[in-house]
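Notes for the one structure printed next.
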Amino acid sequence: MTAETSPTTRVRIAPSPTGDPHVGTAYIGLLNYIFAAQRDGQFVLRIEDTDRARFVATSEQMIFDALKWIGLSWHEGPDVGGPYGPYRQSERTEIYRQHADILLANASAYRCFCTPEDLEAARERQKAAKQPPRYDGTCRRLTPEQVDTNLAAGKTFVVRMAVPLEGATTFRDELRGDITFDHNNVDDQVLMKSDGFPTYHLANVVDDHLMRITDVIRAEEWISSTPKHVLLYKAFGWESPRFWHMPLLRNVDKSKISKRKNPVSLVYYRESGYLPNALLNFLGLMGGGMAQPTEQEIVSKNLNTKEGDIFSLAEMLEKFDFKRISLGGPVFDLVKLKWLNGEYIRKLSPEDFFAALRQTVLSDDYLRAVAHLIQTRIDTLGQFGDMTSFFFSDNVMPPESIFLPKKRTLEETLAFVADQLAALEAVPWIATSIEAELKKLGEEKQWFVKENFMLLRAIVTGSANSPPLVESLIVFGKARTLDRMRRFLETQKKLSAQRR
RNA sequence: GUCCCCGUCGUCCAGCGGUUAGGACACCGCCCUUUCACGGCGGUAACACGGGUUCGAAUCCCGUCGGGGACGCCA
């Protein structure tokens, strides 16, 4: 083998359009962006829309918008094209089918006719017996004749990976070193679903190879499936890319960051008035990677020492070092984010500050929508603020006298709010859906419409008098509404803990 | 339950065999100030534990404990 010039660095992010754009996508996106830029490489955006059950049509555009909002751009992607497209997996199904056939032909995979119900039952049994839940290999032992019979009978099937029965797979994680998994602990992963779509594992490996990805920079949660991916590269006779697994962003309780415990939607941060540079800066702080300013820099640039935490994308490009990343999962601390955002706000010129307000929380669109809600409810223009303050305040907390229905206990009320929250999370943000969903929940739980809506009104507006609830929620936005409900629950929980 | 990863103030980072363990957020105090905020100054606060290795361990090795992740026809 001759020494050749190493191939151009190519990295990618592969978000799934299943809901609001996630702060974790921005984090991994930023890291990939920096990695590519530092090596004069290319950054690819690929949409992994192979899960049709969770697919949300509006999600893809929201992902583009959110990534652009924080200041990232990509060389190739569904919106800008590129030489290795299409960049939407749903448009590549034929490619995956062909590749699944290759694996079937070289015995790296097999057809499995087990039903989801069978599998679920088996998993339950294994869990109950404190066994690791794993596919039992029934269909792996099918004879070719049996397979043909099943096929002829028109039985649906999935394609499973035939993980070697013995041995182990070792791969190198660029941050952690070698990691070994015994094949006993690697499941026969489903590669093609019965609907003809590939699973992540197949699509990801095939696409990363076909798109010439050299470095896979993704979250730590993927470590345990990396042996499957490495085995797939081998089965195809391909070379694996390098793997860099980044620490997972965490909730305050250290669990993987989740919408239940933390605002994770980038839409929330935009609509609540976080500045994109501040968010980007904060994300850059997570996991380290930035060299601290030296004593000399602090003196020569006359830096306040705390400015070691404040840096632009350009500075990240210059100083970020992937080998410096610390592996402990960083807690996504909203308090520090807020401080950082405040620093950015204070740095704005008065004109820019005003412009920022006019683009977000005081935009014409927003003000127009709010105005529309209260026009018939005020007698002088000066009363505008009286009914609309909750649209502009970030600190709304109703007293018990307002939110607690007369005949309900605090406990059942809070439980009902949690139900409302869960229901609204799953609902498209249009009036008919919101109203229907709330009413449905009320019927299930035997809450009068009046109690139901008044409770939510109190939480979101802080008052018993407000413009029409559902219309207000629409204007206020889903992300902020849900966050307000979450914070309400949190605060009430704390209060009742104190009482005890 | 099985496997894998991780472990420095409450939180985010620095530390790379010899430091009074450093900075930032938060918190507390003082100053500035008609108020609040900003700003300035100061303070409380951490190497999970136990064994090694070494003249010397936060730093290297092993074990324990703790935290997290994965174990889906989700990604």
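Tabulated values for the structure
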{"read-out": "Hey, A:A107 part of a loop (DSSP other than H, G, I, E, B), closer than 20 Å to A:H201 by Cα and away from RNA strand B (no atom under 14 Å from the Cβ) or not", "value": "yes"}
{"read-out": "Residue in segment A:335-348 that is touching a residue at least 24 places away in the same chain (Cβ under 8 Å), within 24 Å of A:N262 (Cβ to Cβ) and in a loop (DSSP other than H, G, I, E, B) present", "value": "no"}
{"read-out": "Criterion (within 16 Å of RNA strand B (Cβ to nearest atom), of a type in the set (K, R), in a loop (DSSP other than H, G, I, E, B) and touching a residue at least 12 places away in the same chain (Cβ under 8 Å)) met by exactly one of A:R52, A:R12, A:R97", "value": "A:R52"}
{"read-out": "Pairs, first in contact (Cβ under 8 Å) with a residue 24 or more places away in the chain in segment A:61-72, second buried (at least 20 other Cβ atoms within 10 Å of the Cβ) and basic (K, R), C-beta under 8 Å, six or more apart", "value": "A:A66/A:R270; A:W69/A:R270"}
{"read-out": "Top-ranked residue in segment A:251-272 [being away from RNA strand B (no atom under 15 Å from the Cβ) and assigned to a loop (DSSP other than H, G, I, E, B); ranked as farthest from A:K323 (Cα to Cα)]", "value": "A:S272"}
{"read-out": "Test set (1) over 27 Å from the mean Cα position of the chain (by Cα); (2) surrounded by 13 or more Cβ atoms within 10 Å (Cβ to Cβ); (3) among the aliphatic types (A, V, I, L, M) - A:V460 fails condition number", "value": "(1)"}
{"read-out": "Pairs where the first residue, in segment A:133-153, is at positive phi and the second is more than 14 Å from RNA strand B (Cβ to nearest atom), C-beta under 9 Å, 6+ apart", "value": "A:G137/A:L165"}
{"read-out": "1 or more residues more than 9 Å from RNA strand B (Cβ to nearest atom) and at pLDDT 95 or above: qualifying helices (runs of 4 or more DSSP H) within segment A:116-222", "value": "A:200-210"}
{"read-out": "Single condition A:D65 does not satisfy, out of (1) assigned to a helix (DSSP H, G or I); (2) acidic (D, E); (3) touching an Asp or Glu at 6+ places or on another chain (Cβ under 9 Å)", "value": "(3)"}
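So that you can scan it fast, the table gives a plain yes or no per residue for (1) under 21 Å from A:M485 (Cβ atoms); (2) away from RNA strand B (no atom under 16 Å from the Cβ); (3) of a type in the set (V, I, T); (4) over 31 Å from the mean Cα position of the chain (by Cα):
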| residue | (1), (2), (3), (4) |
| --- | --- |
| A:I310 | no, no, yes, no |
| A:L317 | no, yes, no, no |
| A:F332 | yes, no, no, no |
| A:L337 | yes, no, no, no |
| A:L340 | no, no, no, no |
| A:H372 | no, yes, no, yes |
| A:F390 | yes, yes, no, no |
| A:D394 | yes, no, no, no |
| A:P405 | yes, yes, no, yes |
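The values are calculated or read from the model by the stated rules, or taken from the named source; none is laboratory data. Keep in mind the model is a prediction, meaning the values are calculated, not measured. Because the Cβ atoms are built from the backbone with ideal geometry, glycine has one as well, and the counts that use them run over all protein chains shown.
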